[in-house]
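Notes follow once the structure below has been shown.
All of the numbers you see were taken from the coordinates with simple rules; none came from a lab. Because the structure is predicted, anything quoted here is derived from the model rather than measured. Heads up, the Cβs are rebuilt from the backbone with ideal geometry, glycines too, and the neighbour counts pull from every protein chain shown.
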Ligand SMILES: Cc1cc2nc3c(=O)[nH]c(=O)nc-3n(C[C@H](O)[C@H](O)[C@H](O)COP(=O)(O)OP(=O)(O)OC[C@H]3O[C@@H](n4cnc5c(N)ncnc54)[C@H](O)[C@@H]3O)c2cc1C
């Protein structure tokens, strides 16, 4: 081990599940046959023993999200592998409804179905070792203290914009978004002097420098402390502090057309006339899962990004009814599961769900009308007989390396659309083509447990934008207390740091960048993530007393190669970053989600929009189609 690795604490024993890269596992497939108990290494094993719970995936660390063992069978399917009848064991099971995918969409589909048919028997199949899809919980333990983080989906961003069905579901689960202020200590970090900051890394800016207080007290004052040139300082001040119509003389419609066909970066450089050096500290990549080189300028106007405010478009009003749990929307997934399988965890409301200990053995109980079967990748869905007249659908899934079949009266495919053509080969060709147009943008959300956060208070930051770094941002977890869960109120206490990475390849089209990003996630080992995490935290925080070898207690890297859902215009290839970008008559996701016999199609892909309300709303539509068929 070299000196730098020793300083970073690379060899130090922390909690992590494995060091196997995605590729290694894909080739060997060895983890697919591991049982949970074999791979379990909880942060606080004594606690698991106390509760006599053998496995509890939320405490797993290391590579999570699309974790090793979860995706290999699906990749085989996409590469042409098929499971013929001789390889498939008949489970003898039959359900009213089988749902493929246990994310928010699949779980909501089960919930809506039972709203109309309370006695329905439902099986939900998911390839991961935990339910929730992107809405995953990262749970850490420091002694007897539980610390939570979102592994993916963070929040209910704008409850007012949820459709009627999604609002009904959220309220029926006991979530009261209006009460967010009771649980969120939103002003806590500011009250103790912490602010946003920018980390200027030596690779891009010549030397490492953290500058706290982004834009404070004025942009000019803030920028004086940065390594940026005088030209860049003037540009950035102008962008943030002036509202200029840089397209004066054009009508709003003409402006819109121009902005739709140019990147935000080109708009800033070519139209606004700022120096390319000044681009460095603008918009974080993780917001849209794409950089400003590929994001259309029109999309940037929707959020009133710098340079767009004077163009005459009104930026979307952002006074949302917002809600989040300490583990993000994983609590919504947990509430859904507990509402349908009450034996899985004690409690009744949104306050106790946060600390409720789930007994994963109850998820797939043969006596329960709703069952969630994890580590089960569906590889085939077909009607028994002609789709128009069939009475049953056969679903084949692979678990522990063996293929099984179950029967269902009806099926909801709440999984990624791009794999549905391989899963369900009997679909019409034009629908398969439309399904194949769906896009997913990759993201990495990392949760790092640290034993105290004095370095943050010493440096006066709680959130750091890191342009050009491996992780685009580093943030202290949002202070929230709900039920008997309390956030770290003193810097002496352990806490979670969130680090976000968007693996991209600037200069290519967004579609190509996301493909490259997915490959990056598949081939990056845990060690590489760990080294980058330690290195980046060291360089930002060690001037405040942080020692990565001493202070990092656990790391969970949540890989989301199939992250944000986007649609695209099949004629122009333009991405629909917002829903109204592609005329509905040629929106491929409208064709893609058409019901077919006893099969209907959900997932956020069905609305080409990466928001929880879309996942829930599309589940409702899919279920209504089945129930009215
Ligand atoms: C990192 C990240 C952060 C986000 N943050 C927010 C946020 O803050 N607020 C918000 O509103 N939205 C957010 N979103 C979007 C939101 O998470 C999604 O829209 C929503 O959770 C998608 O749910 P879903 O059920 O449609 O899909 P998924 O969550 O992807 O669930 C689908 C499930 O099906 C499984 N599956 C796929 N194929 C198969 C198969 N063949 N067999 C078995 N299972 C299969 C998948 O592995 C997955 O578990 C975020 C998304 C990401 C990726």
* In what sequence, highest mean first, do 616-626, 518-528 appear when ranked by Cβ atoms within 10 angstrom? -> 616-626, 518-528
* For helix 526-541, report the angle its Cα long axis makes with the longest principal axis of the Cα atoms of the chain; keep it between 0 and 90° and round to the nearest 10°. => 30
* In the chain, what percentage of the DSSP-assigned beta bridges are antiparallel, given to the nearest 5? -> 65
* Calculate the length of the line joining the C-alpha centroid of the stretch 151-177 to that of the stretch 77-127, in whole Å. => 24
* **Highest to lowest packing among 69-76, 100-107, 562-569, 402-409, scored as the average C-beta count within 10 Å** => 100-107, 562-569, 69-76, 402-409
* Structure fact -> Long-range share for the chain, i.e. C-alpha pairs more than 37 Å apart as a percent of all pairs, stands at 35
* Ranked list, fewest to most other Cβ atoms within 10 Å of each Cβ, for 605, 270, 551 -> 270, 551, 605
* To do: Calculate, in nm to one decimal, what residue 389 and residue 78 gain on full extension: separation in residues at 0.36 nm each, minus their alpha carbon distance.
  => 109.1 nm
* Asked: On a 0 to 90 degree scale, rounded to 10, what angle separates helix 230-241 from the longest Cα axis of the chain?
  -> 60
* Tell me, 612, 278 in order of fewest to most beta-carbon neighbours within 10 Å? -> 278, 612
* **Percent RCO, i.e. relative contact order, over the chain, from Cα pairs under 8 Å lying at least 6 residues apart** => 23
* Would you mind ranking 246, 240, 113 by Cβ crowding within 10 Å, fewest neighbours first? => 246, 240, 113
* What spacing in nm lies between the two simple spin-label points modelled at residue 179 and residue 511, each 7 Å away from Cα in the Cβ direction? -> 4.7
* To do: On a C-alpha basis, how far is the centre of the stretch 329-391 from the centre of the stretch 575-612 in Å? Whole number, if you could?
  => 24
* Asked: Relative to the longest principal axis of the chain, what angle (0 to 90°, nearest 10) does the C-alpha long axis of helix 612-628 take?
  -> 20
* Return the distance in nm (one decimal) between the two label points of a simple spin-label model at residue 523 and residue 277, each offset 7 Å from Cα along Cα→Cβ. => 3.4
* Asked: Distance in nm between label sites at residue 85 and residue 4, each 7 Å beyond Cα in the beta-carbon direction?
  -> 6.0
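Take each of the peptides 442-448, 167-173, 87-93, average the number of other beta-carbon atoms within 10 Å over its residues, and list them starting from the highest. If you can, show how the numbers build up before the last one.
Details: 442-448: 26.1, 167-173: 18.3, 87-93: 12.7.
Answer by packing, highest mean first, reads 442-448, 167-173, 87-93.
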